[in-house]
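The values are calculated or read from the model by the stated rules, or taken from the named source; none is laboratory data. Values in this document were obtained by computation on a predicted structure and should not be read as measured data. Note that we place each Cβ from the backbone using ideal geometry, even for glycine, and neighbour counts take in every protein chain shown. Only protein heavy atoms, including side chains, enter the accessible area calculation; ligands, DNA and RNA are left aside. Shrake-Rupley method; radii C 1.70, N 1.55, O 1.52, S 1.80 Å.
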Amino acid sequence: MTAPYPWLEDSWRRLADYHAAGRVPHALLLTGPAGLGKVELARGFLNRLLCRDTENVPCGQCDACAQWQAGSHPDFHEVTLEEDDKGKLRKQIVVDQVRALSAEMSLTARQGGWKVALIQPADAMNVNAANSLLKTLEEPPPQSLLLLVSSRPANLPATIRSRCQQLAVPRPSMEASLGWLRAEGVRQPELALAYARGVPLRAKALTDGDFLRQRGELLQRVAAVQDRGASAVTVAGEFEARDSAAVIEFLDAVTEDLVRLVQLPGDVARLRNPDLLNSLKTLADRVNLTALHRYRQALAEARRLAETPVNARMLLETLLLPWAAGMNAATNERVLDRLLEG
């Protein structure tokens, strides 16, 4: 088996080397930006460990590979975000899930080989879940692997990170990403890749929907709030119908571009929204650089809150208030304080 995507070949080779040399750790943490295919890479490696073929792994032909492909291998367990009783995806991995995993990992492997588990996204574990996992990390069963995948490893407790061997999956080169996107038939690959910060799967996902076109409309509504042509309350209501995480990411992308334009007006090559340059320049002439930097801090906190059972409309309204106040430092301090207060 080769890597699931061409830019993962080096990472796959490193994992394969661990296995071939008998140096597979008890706990491994895969890190890197979202949209690189880390989960697919992790699954491929776990399949390799469970495969019964000693030469061509994973072979895809043995009974273990057949069970893997059917999702029924008894020595593989996965912990991920689950649905609530209303069918909505939960925002956290909770302690009961980790306790159930720990109980399974303590049992003898049913097929006499490896016992493996995947936790993704690992940074979604709440405090109690992470603390529960520590017990298994401190006393791992023999021939077992806990494989954690995270795009935000800094959100994991240091006690978890220190007990895992880490493998960082790098972004591919711009040329490699563009080549893959073009081969996939993606339209406007340069634009999608700019917004996705060079992450190819994220770029492809953007083009699968209508978000790239909608960015112009979103920016117009933000500008309307700043011009007092629309209220923050009204626009927050419009944005509520969208995915709040996507709106927050958009606001961050716009703010990142404004910071670049204010600091280096001629540096437009690295903008995340290069096609919106004229509108961005208009905004850049009316904002405070210190306020923009503080606003990005507020957005980081908002991103964290968006993963909790927060009132999405109130959160978006809070994030639009600095624009209504002209993006000045004093207003941004109040917004950040409000977000930190929860």
**Request:** Convert 4 °C to kelvin, take the viscosity as 1.567 mPa s, use the Kirkwood radius over C-alpha pairs of segment 3-106 as Rh, and evaluate the Stokes-Einstein diffusion coefficient in µm²/s, rounded to a whole number.
**Result:** 83
**Prompt:** Can you list the trypsin sites (Lys or Arg not before Pro) in segment 206-259 that are in a DSSP coil and have 13 or fewer other beta carbons within 10 angstrom?
**Reply:** ARG228
**Request:** Kindly report, to the nearest 10 Å², the accessible surface of VAL95 as traced by a 1.4 Å probe over protein heavy atoms only.
**Result:** 30
**Request:** Loop only per DSSP, at most 15 neighbouring Cβ atoms within 10 Å: give me the GluC sites (Glu not before Pro) in segment 1-81, ordered by residue number.
**Result:** GLU55
**Asked** Is segment 216-256 rounded, prolate or oblate when judged by the Cα gyration tensor, a ≥ b ≥ c being the square roots of its eigenvalues, rounded requiring a/c under 1.5 and prolate requiring a/b larger than b/c?
**Response** oblate
**Item:** C-alpha long axis of helix 244-263 to longest principal axis of the chain, angle in °
**Value:** 60
**Message:** Pick from ASP285, ASP96, ASP85 the residue whose mean-square fluctuation is largest in a GNM of the chain, springs joining Cα atoms under 10 Å.
**Reply:** ASP85
**Request:** Report the relative contact order of segment 174-296, percent, no decimals, based on alpha-carbon pairs under 8 angstrom and at least 6 residues apart.
**Result:** 23
**Request:** Obtain the radius of gyration and the Kirkwood radius of segment 259-342 from its C-alpha atoms and give Rg over Rh.
**Result:** 1.01
**Fill in**
Share (percent) of C-alpha pair distances in the chain greater than 28 Å works out to 51
**Item:** Cα convex hull of segment 200-342 - mean projected area over all directions, nm²
**Value:** 8.2
**Item:** Full-extension gain in nm, ASP63 to LYS88, via 0.36 nm per residue minus C-alpha separation
**Value:** 5.5 nm
**Item:** Degrees separating the helix 127-138 axis from the principal Cα axis of the chain, which is the longest one
**Value:** 30
**Asked** Can you pull the percent of segment 196-261's accessible area that's carbon plus sulfur, 1.4 Å probe, other chains left in place?
**Response** 47
**Request:** Taking the chain as the reference, fit the longest principal axis to its C-alpha atoms, fit the long axis of helix 174-183 to the helix C-alpha atoms, and give the angle between the two in degrees, 0 to 90, nearest 10.
**Result:** 80
**Prompt:** From the phi of every residue in segment 266-281, what ³J(HN,Hα) in whole Hz does the Karplus formula 6.51 cos²θ - 1.76 cosθ + 1.60 yield, where θ is phi - 60° and glycine or proline is x?
**Reply:** x, 8, 9, 5, 9, 5, 7, 10, x, 6, 9, 4, 4, 5, 5, 4
**Asked** In segment 245-342, what GluC sites (Glu not before Pro) fall in a loop by DSSP, with at most 15 other Cβ atoms inside 10 Å?
**Response** GLU341
**Message:** Ordering SER173, SER11 by accessible area with a probe of 1.4 Å, largest first, what comes out?
**Reply:** SER173, SER11
**Request:** Note the per residue figure in Å³ for the convex hull of the C-alpha positions in segment 110-152.
**Result:** 80
**Mean separation of Cα contacts under 8 Å, 6 or more apart, over the residue count of the chain: relative contact order %** = 16
**Message:** Just the number please: accessible area per residue for segment 206-342, 1.4 Å probe, all protein chains included, in Å².
**Reply:** 46
**Message:** Give me the percent relative contact order of segment 1-99, please, defined on Cα pairs under 8 angstrom at least 6 residues apart.
**Reply:** 17
**Item:** Over segment 159-240: Kirkwood hydrodynamic radius from C-alpha pairwise inverse distances, Å
**Value:** 15.4
